[in-house]
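The values are calculated or read from the model by the stated rules, or taken from the named source; none is laboratory data. Because the structure is predicted, anything quoted here is derived from the model rather than measured. Cβ sites come from the backbone with ideal geometry, for glycine too, and all protein chains shown count toward neighbours. Keep in mind that these areas ignore ligands, DNA and RNA; they rest on the heavy atoms of the full protein, side chains included. Shrake-Rupley method; radii C 1.70, N 1.55, O 1.52, S 1.80 Å.
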Amino acid sequence: MNSSRPVDEWVARLSLPDAEARAEALEAVGEALGSEDVGVRERTAQFLLKDLARPASTAHGLILSLLQADWWPPPARLAATAVQAITEALSRMDVADPSVGDAALVLGNVCRVDPTQLPALGAALDHARPAVRHAMARAASRAFDEKGVLLPKLIAHLDDPEERVSFAALESVGALAPAAPELAGAALLAQVRKTEGMRRYLALSSLRALLEHCRLNELTLPALGGLEPALLGALADSNPAVRVETVSLLGLTGPVSPAALTALGGLLKDANPAPAASAAVALLRLGAPPQEALALLERLLRSEGTPEAQGAALSALEAVEPALLVKARDMLKKVAHDVKGPVKEALRELLSEVG
């Protein structure tokens with residue numbers, strides 16, 4: 001580090017209007033924050049946090065970027081100070097400020113080393129300033145909240161009037177769902193019912209990840225009343241990614257009604273190959289007569305002039321367990337004998353899983 005100035009002076013120079021002086025200070029402070037000397041690192045962080053909390057500071061963006069990039073691990077003894085300083089800085093920021101993302105990452109790191117700060121994040125989720133709520137909602141997914149302390153507050157903010165906050169809350173509810181499957185599952189299902197576009201897709205993919213987690217760990221699946229009607233409604237979504245997640249969930253949550261089997265059969269004719277292939281796999285998983293589903297998968301795998309169709313079929317097949325692939329073994333062998341290139345290799349890999 002350039003030793004011509006003490007650390008506090010370099011930190012103060014981050015607010016100078018001269019770009020060259022700021023760049024020099026940024027390099028010096030970054031070097032100090034990443035020093036091998038623990039004492040130097042801690043003193044530098046203290047100066048940065050003090051300036052960050054200062055109402056007249058204009059260096060919040062640079063400071064948050066430094067803390068996000070170079071401050072790891074943050075010492076637990078500075079955790080409360082960091083949460084307070086970052087919250088104060090966020091209260092003066094616009095919700096669209098890119099530095100909100102850096103603030104969220106630092107807050108998440110702080111809570112990973114000191115989980116006792118999780119209640120402070122939860123309290124700040126009710127802050128009047130959207131930038132504070134946004135950062136806290138984003139930080140929650142990185143904070144290793146193993147007991148789901150933040151889940152009730154996050155669920156309450158799924159309907160936050162600021163779209164950035166509500167979307168970040170939804171992402172974090174999905175990330176923390178395994179900590180409280182019943183609570184999170186019900187909240188995610190409610191989002192499937194009443195949202196559309198990316199929000200519905202995120203709710204569906206998070207719900208699928210939760211159910212897969214429960215199955216993998218032999219946990220009781222959450223009780224999701226009204227799941228099938230909600231999924232049948234989502235099958236008509238204009239977004240193909242939503243339809244893929246919907247049919248995948250139907251396959252995971254069987255047995256299903258005759259109406260659901262009929263709807264899945266109709267998806268075999270979807271104009272987009274991804275939902276069609278996923279519907280075929282879901283039907284196989286649910287024990288429906290396999291002929292139509294296998295015929296669709298074979299047609300897609302043989303579409304050598306349409307790589308996206310082949311890719312959709314492979315992606316759907318690669319996502320299932322070997323026991324299910326047994327139902328498709330004869331078809332896969334036949335196609336693997338005829339096709340060439342990467343698809344042949346991918347099919348051989350799949351076949352090696354079932355013997």
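Counting 0.36 nm for each residue step from Asp330 to Asp94 and taking away their Cα separation leaves a gain of 79.1 nm. Heavy-atom accessible area, probed at 1.4 angstrom with all protein chains present, ranks Lys50, Lys327, Lys194 as Lys50, Lys194, Lys327, highest first.
Specify whether the C-alpha gyration tensor of segment 108-166 places it in the rounded, prolate or oblate class, a ≥ b ≥ c being the square roots of the eigenvalues: rounded for a/c under 1.5, otherwise prolate if a/b is larger than b/c and oblate if not. Verdict is prolate for segment 108-166. As a length-normalised measure over Cα pairs under 8 Å and 6 or more apart, the relative contact order of the chain settles at 7 percent.
For the chain, the tally of Lys pairs with Cα-Cα distances below 27 Å comes to 11, considering only residues 8 or more apart or on different chains.
The largest accessible area among Met198, Met136 belongs to the first residue in Met198, Met136, and the rest follow in falling order (1.4 Å probe, all chains). Positive-end ranking of Leu52, Leu16, Leu26 along the dipole of segment 1-136, with charges on Cβ about the Cα centre, is headed by Leu52.
When the Cα gyration tensor is reduced to axis lengths a ≥ b ≥ c, the ratio a/c is 1.5 or higher for segment 21-141, and with a/b not above b/c it is classed as oblate.
Would you please classify the overall shape of segment 47-102 from the alpha carbon gyration tensor, given that a ≥ b ≥ c denote the square roots of the eigenvalues, rounded means a/c under 1.5, and beyond that prolate means a/b larger than b/c while oblate covers the rest? Here segment 47-102 falls in the prolate category. Normalising the average separation of contacting C-alpha pairs (under 8 angstrom, six or more residues apart) by the number of residues puts the relative contact order of segment 201-355 at 15 percent.
Dividing the Cα radius of gyration of segment 274-355 by its Kirkwood radius returns 0.92 for Rg/Rh.
Just to confirm the number: angle between the C-alpha axis of helix 273-285 and the first principal axis of the chain, 0 to 90 degrees, nearest 10? The helix 273-285 is inclined about 70 degrees to the chain. Whole-percent P(r), segment 76-135, all Cα pairs, 5 Å bins from 0: 4, 23, 33, 25, 12, 4, 0.
Subtracting the Cα-Cα distance of Glu27 and Ala56 from their residue separation scaled by 0.36 nm leaves 8.2 nm. Say the dipole of the chain comes from +1 at the beta carbon of Lys and Arg and -1 at that of Asp and Glu; which of Leu350, Ala234, Ala295 then lies farthest toward its positive end? Of Leu350, Ala234, Ala295, it is Ala295.
Take the alpha-carbon centre of segment 134-168, take the same for segment 260-286, and report the distance between them in whole Å. One Cα centre to the other: 34 Å. Normalised per residue, the accessible area of the chain is 45 Å², obtained with a 1.4 Å probe and no contribution from ligands, DNA or RNA. A simple packing score, the average count of other Cβ atoms within 10 Å per residue, orders the peptides 167-177, 119-129 as 167-177, 119-129, with the highest score first. Ignoring ligands, DNA and RNA, please state the percent of accessible area on the chain from carbon and sulfur, probe 1.4 Å. Reported share for carbon and sulfur atoms: 54 percent. Computed from Cα positions, the angle between helix 79-90 and the longest principal axis of the chain comes to roughly 90 degrees. With a 1.4 Å probe rolled over the protein heavy atoms of all chains, the accessible area of Glu163, Glu31, Glu245, Glu42 falls in the order Glu163, Glu31, Glu42, Glu245, largest first.
Structure remark: mean-square fluctuation, Gaussian network model of the chain, C-alpha springs under 10 Å; the largest value among Ala76, Ala186, Ala323 belongs to Ala323.
Summing +1 for each Lys or Arg and -1 for each Asp or Glu among the other residues whose beta-carbon sits under 14 angstrom from that of Ala69 gives -3.
If the Kirkwood radius is taken over C-alpha pairs of the chain, then at 20 °C and 1.002 mPa s the Stokes-Einstein diffusion coefficient equals 93 µm²/s. Given the options Glu88, Glu292, Glu20, state which has the largest fluctuation in a GNM of the chain using a 10 Å cut-off (strictly under) for Cα springs. Answer for the Gaussian network model of the chain: Glu20. Can you give the local net charge around Leu52? Use residues other than it whose beta-carbon is closer than 14 angstrom to its beta-carbon, Lys and Arg +1, Asp and Glu -1. After counting each charged neighbour, the total is -2.
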